[in-house]
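Novice: I'd like to ask some things about the structure below.
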Amino acid sequence: MADLNLVALTGFATRDAALRQKNSGQVKAEFSFEVERPFLRATGEPVSDLFLVDVWEDLGRWAVEHIKQGQRLLVIGTLNKESYSTRGGREHLTIVKAKYIRPLDTNLLDGQVDPEEMKRDAWSESLLLTAIQLVEEALREGQAAGDSSASAL
């Protein structure tokens with residue numbers, strides 16, 4: 001039995017999804033994705049994390065048609081570590097392999113979660129349950145709206 005590898009992210013695409021054809025014939029889309037953290041640097045600048053997102057086959061084709069730079073998204077998938085050779089040796093990269101993508105109209109957490117709580121090194125069970133409930137609500141809203149995203153694939 002495998003262990004659970006699950007990540008849910010909200011943020012925005014920092015570039016349009018681009019299609020890649022693998023040597024195996026599989027189709028893969030890629031885009032970069034920025035997730036803002038709930039705090040600012042001492043200089044007042046926002047802090048964020050940037051991820052590379054891989055999207056395979058039918059969901060990848062959908063991504064190329066629908067994901068554009070600046071679009072706010074909910075991305076659910078797995079974290080995968082990949083390595084590749086460079087002139088200087090081997091490089092390692094952590095990639096989000098998207099299993100579900102849904103466009104969002106607003107930031108999922110706006111006004112729903114105390115940013116001060118999110119800054120803590122450990123989250124309470126109630127904060128975690130609230131975050132999970134917000135993801136569940138977003139998934140239900142996508143189904144109710146008949147999203148043509150991953151929910152329909």
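Bear in mind these aren't lab numbers, they're just calculated from the coordinates by the rules spelled out. All values reported here derive from a predicted model rather than from experimental measurement. Virtual Cβ from ideal backbone geometry, glycine too; neighbours counted across all protein chains shown.
Novice: Looking only at region 80-96, decide whether some residue is over 15 Å from the mean Cα position of the chain (by Cα), under 18 Å from Ile132 (Cβ atoms) and assigned to a strand (DSSP E or B).
Specialist: Here is the first cut: in region 80-96, the residues over 15 Å from the mean Cα position of the chain (by Cα) are 81-93.
Now narrow it down to the ones that are under 18 Å from Ile132 (Cβ atoms): none.
No, there is no match, as no residue in region 80-96 is over 15 Å from the mean Cα position of the chain (by Cα), under 18 Å from Ile132 (Cβ atoms) and assigned to a strand (DSSP E or B).
Novice: Here's another thing I want to ask about it. Name the residues in region 114-130 that are free of Cβ contacts under 8 Å to residues at least 60 places away in the same chain and either in contact with a Lys or Arg (Cβ under 9 Å, 6 or more places away or on another chain) or not acidic (Asp, Glu) (or both), would you?
Specialist: Arg120, Ala122, Trp123, Ser124, Ser126, Leu127, Leu128, Leu129, Thr130
Novice: Mind counting the residues in region 26-40 that are more than 26 Å from Arg120 (Cα to Cα) and in contact with a Phe, Trp or Tyr (Cβ under 6 Å, 6 or more places away or on another chain)?
Specialist: Within region 26-40, the first condition is being more than 26 Å from Arg120 (Cα to Cα), and the residues that meet it are 26-32.
This time we only want the ones that are in contact with a Phe, Trp or Tyr (Cβ under 6 Å, 6 or more places away or on another chain), so: 28.
Of the residues in region 26-40, 1 are more than 26 Å from Arg120 (Cα to Cα) and in contact with a Phe, Trp or Tyr (Cβ under 6 Å, 6 or more places away or on another chain).
Novice: While we're on this one: Going by the structure shown, is Gly77 assigned to a strand (DSSP E or B) and either buried (at least 17 other Cβ atoms within 10 Å of the Cβ) or within 15 Å of the chain's Cα centre (by Cα) (or both)? Quick ask: steps written out before the conclusion?
Specialist: Numbers: assigned to a strand (DSSP E or B): yes; either buried (at least 17 other Cβ atoms within 10 Å of the Cβ) or within 15 Å of the chain's Cα centre (by Cα) (or both): yes.
Judged against the criteria, Gly77 is a match.
Novice: Of everything in region 1-56 that's assigned to a loop (DSSP other than H, G, I, E, B) and β-branched (Val, Ile, Thr), which residue is surrounded by the most Cβ atoms within 10 Å (Cβ to Cβ)? It would help to see each step written out before you state the result.
Specialist: Initially, region 1-56 is screened for residues assigned to a loop (DSSP other than H, G, I, E, B), giving 1-6, 14-17, 22-26, 41-45.
Still in the running and β-branched (Val, Ile, Thr): 14, 43.
Details: Thr14: 15, Thr43: 5.
So the residue we want is Thr14.
Novice: So, one more: Listed residues Leu6, Leu59, Leu50; which is more than 20 Å from Leu93 (Cα to Cα) and in contact with a Ser or Thr (Cβ under 9 Å, 6 or more places away or on another chain)?
Specialist: Values: Leu6 fails: more than 20 Å from Leu93 (Cα to Cα); Leu50 fails: more than 20 Å from Leu93 (Cα to Cα).
Residue meeting the stated conditions: Leu59.
Novice: Is there a residue in region 79-95 that is of a type in the set (Lys, Arg) and touching a residue at least 40 places away in the same chain (Cβ under 8 Å)?
Specialist: Our first condition is that a residue be of a type in the set (Lys, Arg); within region 79-95, this holds for 81, 87, 90.
Now drop any that are not touching a residue at least 40 places away in the same chain (Cβ under 8 Å), which leaves none.
No, there is no match, as no residue in region 79-95 is of a type in the set (Lys, Arg) and touching a residue at least 40 places away in the same chain (Cβ under 8 Å).
Novice: So if I check each of Thr130, Thr106, Thr94, which one is crowded, with 16+ Cβ neighbours inside 10 Å, out of contact with any His (no Cβ under 9 Å at 6 or more places or on another chain) and not hydrophobic (A, V, I, L, M, F, W, C)? Full working, then the answer.
Specialist: Working: Thr106 fails: crowded, with 16+ Cβ neighbours inside 10 Å; Thr94 fails: crowded, with 16+ Cβ neighbours inside 10 Å.
Among Thr130, Thr106, Thr94, only Thr130 is crowded, with 16+ Cβ neighbours inside 10 Å, out of contact with any His (no Cβ under 9 Å at 6 or more places or on another chain) and not hydrophobic (A, V, I, L, M, F, W, C).
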